[in-house]
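*Asks:* First the structure, which I've put down as structure tokens, then a few questions once you've had a look.
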Amino acid sequence: IDASYATGLHYDGTGVSVAVGDDGTVGPHIDFAGRVTDHTTNNNGTHADHVSGIVAGGGNFDPVTSGNARGADLHIYSYYDNLTNAPTDYTTNNIRITTNSLGQGCNIGYDADAQNSDYLIDSKPSLMSVHSAGNSGNGTCGGVPQGYFTITGGYKAGKNVITVGNVTNSDVIASSSSRGPSEDGRLKPEIVAVGTDVYSTQPDNTYDSFTGTSMACPGVAGTLASLWQSYRDNNSGTDPASDLMKALVMNSADDLGAAGPDFIYGYGRINARRAYKAMSNNQYFVGSLANGFGDDYFINVPPNTRQLKVMLYWNDFEGNPASSVALVNDLNLSVQEPSGNVIDPWVLDNTPTVAALSA
């Protein structure tokens, strides 16, 4: 959605602010010139430099290194300060996307940080937090072989965030990429993106290639920033609701692995163009329900449509870490064909066995 030719789309995240929480300051680098605000004096490495270039590198020194939102504004914080400060910075710095390529232990369940991440997004309706799934896919911290139950949450175990896995540029899952489900059985990761051998910025106008979900996560964050810009352009400058944007990204993804959602690829690899088309064509409904009630929506499916994908999504209230079930609102979806045939959604089996989790 940021074409190199004049007649294409040109959405590069301009006007959208992304908060990077990582190991400290970035740069100096010509690819960020004029678009970085540092909120930290810490400098504990160059991980943040690489992540920031994937989000919003301008490609000024080497065009092939352009980030996924080369016009976005970057705000740099130490580690999770970008989330701690987000309630204020949402207004003062217009932060709309946070990117967080950090870990908090393997197979950590729905804890106080997950609760806080859900509260943050539910209370700031146009804010989205993007997290790396983790690089524990070769481990067994979840007690199940083949890397299941290895999401490195905390914050990323939240319901309202986007957790990202790592695929190669040929759409194969990286063996190190952490797999779901979350400790309490929910779908994780939600989406995957290229995070293997990603060439991005380093200090002093240099570049290097790194691999991990740390690289996949900012790719999604940058893509979201460009989609935020495109929504504003199509809706008189207003910001989108983050739950709508998350739904569009998940339901328009290129399905990989097992048919439908799965605990390795989530809903698949992010596809910015398809997400944009669904958004710009208004292929969505927004509504609300009182407790115990339902609603009907009618979809006109054009002739010769190859596939219809329907998703129900909502930002949920923060759950109770002491509960075995993180979900607060429990909504159900079914699709009825003109013939009267009713189709129910995909439901994954989170029984802690390889056979069940791979099905």
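*Asks:* Restricting to region 111-141, name every residue that is assigned to a loop (DSSP other than H, G, I, E, B) and either without any contact (Cβ under 8 Å) to a residue 24 or more places away in the chain or open to solvent by less than 20 Å² (accessible area, probe 1.4 Å) (or both).
*Replies:* S126, L127, A133, G134, G137, T140
*Asks:* Among the residues of region 190-214, count how many are closer than 26 Å to G158 by Cα and part of a loop (DSSP other than H, G, I, E, B).
*Replies:* Count: 5.
*Asks:* Quick one: how many residues across region 324-356 are in contact (Cβ under 8 Å) with a residue 24 or more places away in the chain and either part of a loop (DSSP other than H, G, I, E, B) or under 20 Å from M250 (Cα atoms) (or both)?
*Replies:* Initially, region 324-356 is screened for residues in contact (Cβ under 8 Å) with a residue 24 or more places away in the chain, giving 324-327, 331, 335, 345-346, 348, 350, 352-354.
Remaining after also requiring either part of a loop (DSSP other than H, G, I, E, B) or under 20 Å from M250 (Cα atoms) (or both): 324-327, 331, 335, 345-346, 348, 350, 352-353.
The total comes to 12.
*Asks:* Could you pull out the residue among V220, V164, V172, V194 that is within 15 Å of the chain's Cα centre (by Cα), of a type outside the set (G, A, S) and surrounded by fewer than 24 Cβ atoms within 10 Å (Cβ to Cβ)?
*Replies:* V194
*Asks:* Going through R274, R232 one at a time, which residue ends up being at pLDDT 95 or above, part of a helix (DSSP H, G or I) and open to solvent by 60 Å² or more (accessible area, probe 1.4 Å)?
*Replies:* Details: R232 fails: open to solvent by 60 Å² or more (accessible area, probe 1.4 Å).
Step by step, each of R274, R232 is checked, and only R274 is at pLDDT 95 or above, part of a helix (DSSP H, G or I) and open to solvent by 60 Å² or more (accessible area, probe 1.4 Å).
*Asks:* Would you mind finding the one in N300, N329, N341, N320 that is open to solvent by less than 70 Å² (accessible area, probe 1.4 Å) and either on the phi < 0 side of the Ramachandran plot or in contact with a Ser or Thr (Cβ under 8 Å, 6 or more places away or on another chain) (or both)? Show your work before the answer.
*Replies:* Values: N300 fails: open to solvent by less than 70 Å² (accessible area, probe 1.4 Å); N341 fails: open to solvent by less than 70 Å² (accessible area, probe 1.4 Å); N320 fails: open to solvent by less than 70 Å² (accessible area, probe 1.4 Å).
None of the others qualify; the one that does is N329.
*Asks:* Could you tell me whether any residue of region 41-58 is in contact with a strand residue (DSSP E or B) (Cβ under 7 Å, 6 or more places away or on another chain), at pLDDT 95 or above and within 30 Å of G143 (Cβ to Cβ)?
*Replies:* Checking region 41-58: at least one residue is in contact with a strand residue (DSSP E or B) (Cβ under 7 Å, 6 or more places away or on another chain), at pLDDT 95 or above and within 30 Å of G143 (Cβ to Cβ).
*Asks:* Take P321 and tell me if it is under 18 Å from the mean Cα position of the chain (by Cα), modelled with pLDDT of 95 or more and over 21 Å from I95 (Cβ atoms).
*Replies:* Spelling it out, it is not the case that P321 is under 18 Å from the mean Cα position of the chain (by Cα), modelled with pLDDT of 95 or more and over 21 Å from I95 (Cβ atoms).
*Asks:* With respect to G27, determine if the residue is within 23 Å of I270 (Cα to Cα) and either open to solvent by 10 Å² or more (accessible area, probe 1.4 Å) or of a type in the set (K, R) (or both).
*Replies:* Values: within 23 Å of I270 (Cα to Cα): no; either open to solvent by 10 Å² or more (accessible area, probe 1.4 Å) or of a type in the set (K, R) (or both): yes.
Against the criterion (within 23 Å of I270 (Cα to Cα) and either open to solvent by 10 Å² or more (accessible area, probe 1.4 Å) or of a type in the set (K, R) (or both)), G27 does not qualify.
The values are calculated or read from the model by the stated rules, or taken from the named source; none is laboratory data. Remember, it's a predicted structure, so these values are computed and weren't measured experimentally. Neighbour counts run over all protein chains shown; Cβ positions are idealised from the backbone, glycine included. Just so you know, the surface numbers come from the protein's heavy atoms only, side chains and all, with ligands and any DNA or RNA stripped out. Shrake-Rupley method; radii C 1.70, N 1.55, O 1.52, S 1.80 Å.
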